[in-house]
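The values are calculated or read from the model by the stated rules, or taken from the named source; none is laboratory data. Quick caveat, the model's predicted, so the values are computed rather than measured. Please note: Cβ atoms are built from the backbone with ideal geometry, for glycine as well, and neighbour counts cover all protein chains shown. With ligands, DNA and RNA removed, areas are computed over all heavy atoms of the protein, side chains included. Shrake-Rupley method; radii C 1.70, N 1.55, O 1.52, S 1.80 Å.
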Amino acid sequence: MDSVTSEQRQTLQSTADNGLKIVVVGGFGVGKTTLVRSVSEIRPLNTEETMTQAGEDVDDTAGVSAKSATTVAFDFGRISLDAHNVLYLFGAPGQERFWFLWDRLFSGTLGAVVLVDTRRLADSWYAIDRLEHHGTPFVVACNDFGGPAHTPDQIRGALDLADEVPLVFCDARSRESSKQVLISLVEHLRTVVAPATRPVPQPIPEPTP
């Protein structure tokens, strides 16, 4: 597990007056850890563990046979918006046995990204259901795994997405692409969250290399 340096701890404690929480959710192996890593300005904290043969009897690894490690708690990253506001990114574990953690992760969340693999759309249904249950605004981001192409209407139909839920396409390995996903979420939040009752983040700046 990656550790947070003392310099990063000091930064986390001393700079932000207003921390805004974003959760990245989705099925097993859709790229949540990769997205948090690609866009975070600090070295992300993660809880990845090596997958073992014993886990194959518990987790559905269909479509992710090349995956060698998996998140067992959550990933954490940070993006500074300005001198007083930061986004805190929490990547939720995708396996069904860890879904009990999701409701706690959703507590205090401003919005969410549902990351999907279009080859396994059904794996994203639970994430969408829980976010709708909590009334948490979200966007759906289709991560590029090189599978068969689907039109936005086909994806919306398969996920039963409401018209007002943004649907975007991304490559979670790319910092710029991941940043655009978060910008889409920020823009969506501006349309659904009343500024007088809940803070809405400002446009996301270029992450520090």
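What to note about this one:
- Stretching residue 193 away from residue 101 to a fully extended chain increases their span by 30.6 nm, per 0.36 nm per residue minus the current alpha-carbon distance.
- Solvent-accessible area, 1.4 Å probe, carbon plus sulfur percent, for segment 74-182: 52
- For segment 122-173, the per residue solvent-accessible surface stands at 54 Å², with DNA, RNA and ligands left out and a 1.4 Å probe.
- Cβ-derived FRET efficiency at R0 45 Å, residue 83 paired with residue 149, nearest 0.05: 0.60
- Cα-projected label distance for residue 173 with residue 158, points at 7 Å along beta-carbon direction, nm: 2.1
- If R0 is 45 Å, the Cβ-Cβ spacing of residue 133 and residue 17 corresponds to a FRET efficiency of close to 0.90.
- Judged by the mean number of other Cβ atoms found within 10 Å, the most tightly packed of the peptides 29-40, 77-88 leads the ranking 29-40, 77-88.
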